[in-house]
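This report refers to the structure that appears directly beneath it.
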Amino acid sequence: MRQARWIRLGCALALASSGAAIVAQQPGPAARPAPTGGTGADWRNVGGSADESGFSQLGQISTATIGKLGLQWALELEGEVSLEATPLAVDGVLYFSGSYGAVYAVDGVTGKQLWRYDPEIWKTGRMGFGMGVNRGVAYDNGRVFIGALDGRLIALNAKTGAVEWSVNTLPGGMSFYSLTGAPRTFKGKVIIGNGGADIGQRGYVTAYDQATGQQAWRFYTAPGTPEQNKGDPVMEMAAKTWSGEWWKVGTGGTAWNGMTFDPEMNRIYIGTGNGGPYDVAKRNPAGGDNLFLASIVALDADTGKYVWHYQQNPNEGWDYKSVQNMISTTIPIDGKPRKVLMQLPTNGFFYVLDRETGKLISAEKVGKVNWASHIDLKTGRPVEMPGIHYQDGPVVLYPSTIGSHNWQAMSYSPKTGLVYIPYMKVAGRYAKLGPGGGGFAIVGTDISFVKNDPDDNTGALVAWDPVTQKQRWKMPRPFAWNGGTLATEGNLVFQGTADGWFRAHDALTGKQLWQFNAGLGIIGAPMSYSAGGKQYVSVLVGWGGTVAAAASALNVGWKYGQQPRRLLTFALGGKQKLPASPPRDMVVHAVDDPAIVLDEKDVTAGYAVGAACASCHGVNFHSGGAPGPDLRESQLALSEDALYEVLHEGALQQRGMPKYPFSRAQVHQIWSAIRAAARESLGARKPTQPVGGARM
């Protein structure tokens, strides 16, 4: 499990800090339809409204007034870690979720907390991997809906926070499913998907009655056993694209994020995830497309019946996924209005589909993409480059498993006709998994990051024209893992960044017009609402996420628990100031006891067993600071007995750390690996070469 080596970049840092945008010389925007995004004063959906455009029709805060924007109020969120949600606003009240599914109701004018609900997932014994992430809530008809990590979908009274009903969304016997995404509401129903594709879990979405919690329908996004598929024409069709005994090996295709309701078509579009295991030789030995992995699937909103699908990555084998937000709108194609669905998934191509038929209209690369030369518009299929399934040896691909675009939402302004993308450039090296396999053996692939180009491991805010399929402008970011975007009627684009700044740009040119030091990295998307005739912009500040924890390429130096997590709200004339907090720190402040003697066999075994800790504490225990601490710096992890109390006995369950059925011997191995990793960071020992596992 070697770690990739990283080189500091130069010119991109200078460009980003100067506020200069790289502007492509393209024709001005064509006439566009009227705005269809976030409706007036409220922000009732994660993406503003059903179209998921992330666009606010409010224009009080604009390019002309942005200089008067200031902090109106801040709410500290004690106990929270990674904050990925976008708040909702209904009648002047903000609703949002915290790291482990706690739900907050806050007065949008004063910042006063009205109520807080904690699902207390630690009491259920179904904490899964303990990932401290939740991407938001849904609202409709006086209820707030939250998906808890342990699999419960919960309906709360919006005025009081009282539980109205709770249902278990998980099928029996499936221990590695989880809920991390935001539900969506439509036509008296609430829908939720599930995570777990990396562990081979079968994907599905379920719609429930909003008033009672009774299941309305369920749609599986991958086939089950032959007995389960029998009599279901859609699953029988999908099963024909699989080979081997996939129901024993693993499928994936979980729908854990992107879902878009289309009231015009009475459909809901589902974005599906990657395959699990990643290596297609293990999952799909005789070949086949593996429906519905890495696909967009259109379902009838009333019945959940299949309507059409479009698959972006047939026989997916790189952790590429189509779970990113999908924007429903109308744009001019060949001079005529066309009802479209737009998405930039992990694989780096920007897709425009006809949402009536699912037919591909266009697809072009955003940034560097080398796994395919292009998308064949006649067949809709990618023209893949040879050897990309690493069947002939290791291969370096752009984008990596992190993607050109991950779950952080892009936004679309019907006013400018541009899509605003939180773009990333990270290369990934893929190879067959070596002997041993480690804790992630089911993934079936050895993944690490490499740095080939000077601007690898950086990001950008990109303005993309979906009609011409060309970049209009680009604002470089020094780090890759940045927040989602908000576009507004005031011709502004807001985005928070990994280095702790909240920024506003001119939507037409990309010029930076305003910035605020939030004191901590931002990953969630901002939103805007109006109360009492005044426009506000809000964003959650809470760096982290499982990708940031596991991928050393994304570490920017935020230390666990050192900076407060907050909800920040801005308005014209705001004068509030934030107290100072510790800055970023890239130094590993490891702790060690030189008297401890390590057994190298235990160290090697501990790295393999400890791979289960990577989603919170980092691969090889090299943490990005959240959602879990860097164990090399932990005084608690210095004591083997204390570590056993946490891992085996669950001493910190209430703080989000689940207990695991590790034996005393396994805890000793994990402890040995942590001690070795701490000494390596101190230069007191040579790096260990553990066996197997994913290398991030």
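Assorted remarks:
- Between GLN60 and THR212, the distance separating the two model label sites (each 7 Å from Cα on the Cα→Cβ line) works out to 4.3 nm.
- Among (i) 3, 14, 24, 24, 15, 7, 3, 3, 3, 2, 1, 0, 0; (ii) 3, 16, 28, 29, 18, 6, 1, 0; (iii) 3, 13, 20, 21, 17, 12, 8, 4, 1, 0, 0, the entry derived from the coordinates for P(r) over Cα pairs in 10 Å bins from 0, in percent: (ii)
- Pairwise FRET efficiency - ALA684 versus ASN370, Cβ, R0 = 35 Å, nearest 0.05: 0.30
- When the Cα positions of LEU636, PHE662, VAL603 are compared along the charge dipole of region 600-681, PHE662 comes out farthest toward the positive end, with charges on each C-beta of Lys, Arg, Asp and Glu.
- Cross-link partners for LYS230 among the lysines, with Cα-Cα distance under 20 Å and sequence neighbours closer than 8 places in the same chain left out: LYS240, LYS248, LYS305.
- Sequentially through region 299-315, phi angles give Karplus couplings (6.51, -1.76, 1.60; θ = phi - 60°) of 10, 5, 5, 7, 10, x, 6, 4, 10, 7, 9, 9, 9, 7, 10, x, 6 Hz, Gly and Pro residues having no value and appearing as x.
- LYS112-VAL396 FRET efficiency (beta carbon distance; Förster radius 60 Å; 0.05 resolution): 0.70
- Residues whose amide H falls under 5 Å from that of ARG338, counting only those 5 or more places apart or on a different chain, are ILE331, ILE333, with hydrogens built in the peptide plane.
- For THR488, the residues whose amide H sits under 5 Å from its own are SER56, ignoring neighbours fewer than 5 places away on the same chain, with H placed 1.01 Å from N.
- Integer Hz, Karplus 6.51/-1.76/1.60 couplings in order for region 235-242, x for Gly and Pro: 5, 5, 5, 5, 4, 5, 9, 10
- Extension gain, ASN141-ASP91: 0.36 nm per intervening residue step, less the Cα-Cα distance, totals 16.8 nm.
- With only the Cα atoms considered, region 600-681 has a convex hull volume of 80 Å³ per residue.
- Cα centroid of region 60-120 to Cα centroid of region 235-300, whole Å: 35 Å
- In the chain, the DSSP beta bridges split such that about 95 percent are antiparallel, to the nearest 5.
- Each of ASP455, ASP51, ASP499 has some number of other Cβ atoms within 10 Å of its Cβ, and from fewest to most they run ASP455, ASP499, ASP51.
- Once the Kirkwood radius over Cα pairs is known for region 122-232, the Stokes-Einstein relation at 25 °C and 0.890 mPa s delivers a diffusion coefficient of 168 µm²/s.
- Rounded to whole Hz, the Karplus (6.51, -1.76, 1.60) HN-Hα couplings of region 590-596, x for glycine and proline: 6, 10, 7, 10, x, 6, 6
Each value in this text was obtained by applying a stated rule to the coordinates, not by laboratory testing. Since the structure is predicted, the reported quantities are computational estimates derived from the model, not experimental observations. Glycine also receives a Cβ, built like all others from the backbone with ideal geometry; neighbour counts cover every protein chain displayed.
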